Amino acid sequence: MTSRLMFRVLVALVAFALLARIPVGFDVGFKFDAALAVIWAFGLLSLVLLTGYVGQISLCQATFAGVGAYTAGMMVSSVHVDYLVAVIAGVALVWAWAWAAILLGGAAAALVGWLVALPCLRLRGDYLAIVTLGIALVFDRYIFQDHAFEWFTGGTGGWRVGQATMFGLRMDSSTHLMAAYLVLLALFCLVALLLVNLHESGAGRRFRAIRDSELAAATMGVNLTRYKLLAFGMSAAIAGMGGSFYPLVAGSVSPQPFWLFTSLQFAAIAVLMGVRYVPAAALGGAFMAFVPDVLTRYGHGTFMGHAYEISYDWFQIAVGVLLIVQLIALPDGVWGDLRSRVRHARSAARAVGGRRVKVA
């Protein structure tokens, strides 16, 4: 194990230890927010891989999370399997859906290219965005809410998961919520560590080459179709892994958390926090989970004799305003700006230290 890898493992362990202590002492509502933050962080992490590493755009990551959630809910409620088995099944199904979706997108892109007499042999980012938007709309309307798929969605009431076991631990949405949070957090730290290492690997360099210039990458011998398929499948699997825990954390699963608007929020907050950086996914997940709840709890009262009311709609407005400000002032995202400031401060401190040594 190299020193760099050992350092990353140590950072992941320290991050897990610190984040594992944060919800202790919170009420059930904030513990739910903490677990939900990790679920949303998985969705944002999937965009770090697909958009940050490869430069592809997807607007159906919440859909993949929903497929994972419904699969896990169905298997636990109907077959009563261990939740680990349900999670694996959910990720596998999402992976299969992702491949089907990307192949459909390739066919659509080729058709449009043929209609305009252009050799559109590979899926481009804009085509992928349009196709994934269509996939999200189809799932919203015809899969998650249609009676024909009640065997998968559990009908209007959805699947209910009262209690489950995983790694021998009892988990549920009330008394044993911390166990679910710890397992979720451990999995997130592991996947985040793998993505950081992937960034520096040969496959990661090919991903970044595709992001920077598809033409240059193809000239260097990179198989664009293969690596785009790989990135899209991995990205969907990551989103599905997080979504598969939703029924366990919430106690049930319904279409509302996985509709198109959630996918749009993923895209906006990923850019806002820094779509190229793995830690930004955790920061964005906490933002998505805690801020709406804080607004709901404390967004009303009296100030200087005047009553005020801050609704959840303010969160959506705030995201839009912050995104515009970020694109102007912090084009690399919140985490990217923070990272550059820390590096600049470290370089300045080293320069001052070097001058002092010379003077001495």
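Throughout, read-outs are computed from the coordinates displayed, never taken from laboratory work. Values in this document were obtained by computation on a predicted structure and should not be read as measured data. Glycine gets a Cβ as well: all are built from the backbone with ideal geometry, and neighbour counts include every protein chain shown.
Once the Kirkwood radius over Cα pairs is known for the stretch 179-278, the Stokes-Einstein relation at 10 °C and 1.306 mPa s delivers a diffusion coefficient of 101 µm²/s. Alpha-carbon geometry of the stretch 256-329: the Rg and the Dmax are 14.1, 45 Å, given in that order.
Between Trp151 and Val28, 0.36 nm times their residue separation minus their Cα-Cα distance comes to what? All intermediate terms of the calculation are to be shown ahead of the outcome.
Values: separation 123, 0.36 × 123 = 44.28 nm, distance 3.11 nm.
Extending this stretch completely gives an extra 41.2 nm.
Extension gain, Thr225 to Ser78, is 49.1 nm, computed as 0.36 nm per intervening residue step minus the present C-alpha separation.
If you take the beta carbon distance between Met6 and Val138 as r and set R0 to 30 Å, what does 1/(1 + (r/R0)^6) give as a FRET efficiency, to the nearest 0.05?
Values: r = 46 Å, r/R0 = 1.53.
For Met6 and Val138, the calculated efficiency is 0.05.
Which value, in Å to one decimal place, does the Kirkwood hydrodynamic radius take for the stretch 206-360 when every pair of different Cα atoms is included?
Details: mean 1/r = 0.0512 Å⁻¹.
Answer for the stretch 206-360: a Kirkwood hydrodynamic radius of 19.5 Å.
The label-point distance for Leu327 and Glu200, in a model that sets each label 7 Å from Cα toward Cβ, rounds to 3.4 nm. With r as the distance between the Cβ atoms of Arg341 and Val291 and R0 = 22 Å, compute the FRET efficiency 1/(1 + (r/R0)^6) and round to 0.05. Efficiency computed from Cβ-Cβ geometry: 0.45.
Which value results when the Cα radius of gyration for the stretch 151-205 is divided by 2.2 N^0.38 Å?
Details: Rg = 16.8 Å, N = 55, 2.2 N^0.38 = 10.1 Å.
My calculation over the Cα atoms of the stretch 151-205 gives 1.67.
Among the chymotrypsin sites (Phe, Trp or Tyr not before Pro) in the stretch 167-198, those located in a DSSP loop and surrounded by at most 14 other Cβ atoms within 10 Å of their own Cβ are Phe167.
What's the exposure ranking of Cys60, Cys189, going from fewest to most Cβ atoms within 10 Å? Working shown, then result.
Details: Cys60 30, Cys189 22.
In increasing order of surrounding Cβ atoms, one gets Cys189, Cys60.
The chymotrypsin sites (Phe, Trp or Tyr not before Pro) found in the stretch 1-93 that occupy coil by DSSP, while having at most 14 further C-beta atoms within 10 Å, are Phe26.
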